[in-house]
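Below: the structure, in C-alpha cells.
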Amino acid sequence: KCSDGDARTAIALLEEMVSEGLVPNNITFGCAINSQARAKHGSAKMATVLLRKMVQRGLAPSQPQYNAVLNCNAKCHDGSAKDAKLVLDHMLRSGIEATVAAYSTVIEANAKKEDGSAAVAANCLVQLLEQGLVPDSVTFVGVIDAQAKRKDGSAKTAVMILSRMSRCCTPNLIHFNSALNACASERPAAIELAEPVLEAMLQRGFAPNSFTLSALFRCAGFAQPARPDLARRWFAQFCTSGNVDLNDHVARALRLLVRHLGGGRRLVPVRRRAEHHDVRDAPAGRDGRPGPRVQ
C-alpha cells in the first residue's frame, strides 16, 4: 500500500516466511497478490501463480483476491486476456459471485491485450446480463472498444451494443466514438453503419471532436467504394467552425483518405495546432493503423 512499495519485495518476504517454516494464510496471500496489482514491478503471471498456490494449500481465495488477479491481467505488462477469462471462470466454478467490476476487468483485458478477443468481450457482457447484473458505462466502453481493436471485432456488434445500452445507462461521446472507430476498422469500412451512429450522436447533443472526425474520414476512405463526397461534407459541416481541434489524428486520417483514393493533392485544407500530438499514442485499429484515442 505504501507509495514506495515494491511487488518483488513482497514476494521475497513471502518466500522468506515459508523458508522459516511459517505457514502463510489467506491474508498473507491476499497481501502478496495485492502487491502485484498495486505496487511497482507488479506481475500478472506472479499474481496467477499465487492464486494457484493458495488453492493448492487448501485456502479459498476471496472475491477481492480474484478481482486483484483479474486487475493484474488487465493492467500489468505481462497480463493476458486469456488468463483473465480463465481466472473469472475458476472464480465462478468456486461459487464466488462475480461483480460488474470483475466482468468489466475481463472485458478491458480483451479490449487492450494482444491475445484479447472481441467475441469474448461480448460474451462476457451477455454472461453478466444473464446473471442479473447491470453493466455500467465503463463496461460498455470496453465491449465496444474491443470491437474496434481486436481482429475478430465486428462493427455490427459494436453498433448493436451501442443502440441497446440505453436500457442500462446513457451513452456518452466516448461510446459513440468507439462505435465509429469499429466501423472505420472494418475492411471495407462499415460506412452504412457509421452514418446512423453519427446521426444518433448529433441527436443526443454531442458535438464531434477530433477522434470522431478521424474515424469518420477513415470510414469514408476505406469504404467500398470510397466516399470522398461524405468526407467533404463532414469537413464542411464540422471542421470550418473553428470549434474542433484539427490535430494530427484528423490530418493523418485525411492523408490516408487521399492516399487511398490515389490522389497526390490535399482533399481539403487542414488547420494544424501549434501543439504536437503524437499519432503513435493513438490505439491501433484491427488493420494495425492508429485509430482515434478515445478519451
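The values are calculated or read from the model by the stated rules, or taken from the named source; none is laboratory data. Just so it is clear, the structure is predicted and the values come from calculations on it, not from any experiment. When we count neighbours, we look across all protein chains shown, and the Cβ atoms used for this are built from the backbone with ideal geometry, even at glycine. The accessibility values were calculated without ligands, DNA or RNA, using every heavy atom of the protein model including side chains. Shrake-Rupley method; radii C 1.70, N 1.55, O 1.52, S 1.80 Å.
Note on the range 55-122: enclosed helices (runs of 4 or more DSSP H) holding 1 or more residues that are over 26 Å from residue 160 (Cα atoms) are 63-75, 81-93.
Scanning the range 1-47 for residues that are of a type in the set (Ser, Thr, Tyr) and open to solvent by less than 50 Å² (accessible area, probe 1.4 Å) turns up 28, 35, 43.
The condition (being among the aliphatic types (A, V, I, L, M), open to solvent by less than 20 Å² (accessible area, probe 1.4 Å), over 24 Å from residue 46 (Cα atoms) and at pLDDT 95 or above) is satisfied by just one residue among 88, 125: 125. The single condition among (1) surrounded by fewer than 24 Cβ atoms within 10 Å (Cβ to Cβ); (2) within 13 Å of the chain's Cα centre (by Cα) that residue 144 does not satisfy is (1).
Yes/no per residue for (1) over 17 Å from residue 254 (Cα atoms); (2) open to solvent by less than 10 Å² (accessible area, probe 1.4 Å); (3) outside any helix (DSSP H, G or I):
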{"residue": "197", "(1), (2), (3)": "yes, yes, no"}
{"residue": "200", "(1), (2), (3)": "yes, no, no"}
{"residue": "207", "(1), (2), (3)": "yes, no, yes"}
{"residue": "213", "(1), (2), (3)": "no, yes, no"}
{"residue": "217", "(1), (2), (3)": "no, yes, no"}
{"residue": "225", "(1), (2), (3)": "no, no, yes"}
{"residue": "230", "(1), (2), (3)": "no, yes, no"}
{"residue": "236", "(1), (2), (3)": "no, no, no"}
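When only residues in the range 177-195 that are in a helix (DSSP H, G or I) and of a type in the set (Asp, Glu) count, which is least open to solvent (accessible area, probe 1.4 Å)? Restricting to residues being in a helix (DSSP H, G or I) and of a type in the set (Asp, Glu), the top hit is 195. Restricting attention to the range 57-73, the residues being closer than 17 Å to residue 86 by Cα and open to solvent by 60 Å² or more (accessible area, probe 1.4 Å) number 3.
All told, residue 288 falls short of being more than 28 Å from the chain's Cα centre (by Cα), modelled with pLDDT under 90, within 22 Å of residue 174 (Cα to Cα) and assigned to a loop (DSSP other than H, G, I, E, B). Considering (1) closer than 21 Å to residue 87 by Cα; (2) over 31 Å from the mean Cα position of the chain (by Cα); (3) in a helix (DSSP H, G or I); (4) not β-branched (Val, Ile, Thr), the lone condition that residue 16 does not fulfil carries the number (1).
Residue by residue through the range 147-158, note down the ones that are of a type in the set (A, V, I, L, M, F, W, C) and either at positive phi or surrounded by fewer than 24 Cβ atoms within 10 Å (Cβ to Cβ) (or both). Those that are of a type in the set (A, V, I, L, M, F, W, C) and either at positive phi or surrounded by fewer than 24 Cβ atoms within 10 Å (Cβ to Cβ) (or both): none in the range 147-158. Candidates in the range 128-141 are the residues that are in a helix (DSSP H, G or I) and of a type in the set (A, V, I, L, M); of these, the one that is least open to solvent (accessible area, probe 1.4 Å) is 128.
Screening 174, 161 for residues that are in a helix (DSSP H, G or I) and either among the hydroxyl-bearing types (Ser, Thr, Tyr) or open to solvent by less than 40 Å² (accessible area, probe 1.4 Å) (or both) leaves exactly one candidate, 161.
Looking at this structure, is residue 51 more than 26 Å from residue 101 (Cα to Cα) and modelled with pLDDT of 95 or more? It is false that residue 51 is more than 26 Å from residue 101 (Cα to Cα) and modelled with pLDDT of 95 or more.
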